[in-house]
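The values are calculated or read from the model by the stated rules, or taken from the named source; none is laboratory data. These numbers come from a predicted model, not from an experiment. Virtual Cβ from ideal backbone geometry, glycine too; neighbours counted across all protein chains shown.
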Amino acid sequence: MAQQIPLTEKTDQHECGCGCTPVSDYELDARIIPHAIRHGAILGALSSLEPGSAVLLIAPHDPKPLLAQVSELFGEAIETSYVDRDGDGVGVRLLKTRATQG
């Protein structure tokens, strides 16, 4: 059975005329991704980001095991910061700071 995963794009207005692509933040609610594929889906999303873009991940719990995988696979190319620990889920912003080898 196919399940749609909502991914919300939040694009900054960038009008400097330099021809570069606007930086985007995406919101990804991991609570609706089936557990068996959750880490793979999130890691795939991170690998497809352009430098300067970020994913605001909403997780059902503190995603320490996932963050360890992110650190192992991407090193310093992904910066993580908690944005919400008090709500229904835990919010973590994952910012891609530079291109990764893939």
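To keep it simple, each residue is scored yes or no on (1) at pLDDT 95 or above; (2) farther than 24 Å from R98 by Cα.
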{"site": "P6", "(1), (2)": "no, yes"}
{"site": "C16", "(1), (2)": "no, no"}
{"site": "I33", "(1), (2)": "yes, yes"}
{"site": "A41", "(1), (2)": "yes, no"}
Residue count for the range 43-69, restricted to those that are part of a helix (DSSP H, G or I) and either of a type outside the set (A, V, I, L, M) or closer than 16 Å to G89 by Cα (or both): 8
Unique residue being more than 15 Å from R31 (Cβ to Cβ) and touching a Ser or Thr at 6+ places or on another chain (Cβ under 9 Å) when the list is E79, E72: E79
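Before we move on, is K96 closer than 19 Å to R31 by Cα and at pLDDT 95 or above? Show your work before the answer.
Values: closer than 19 Å to R31 by Cα: no; at pLDDT 95 or above: yes.
Considered against the rule, which asks whether it is closer than 19 Å to R31 by Cα and at pLDDT 95 or above, K96 comes out as no.
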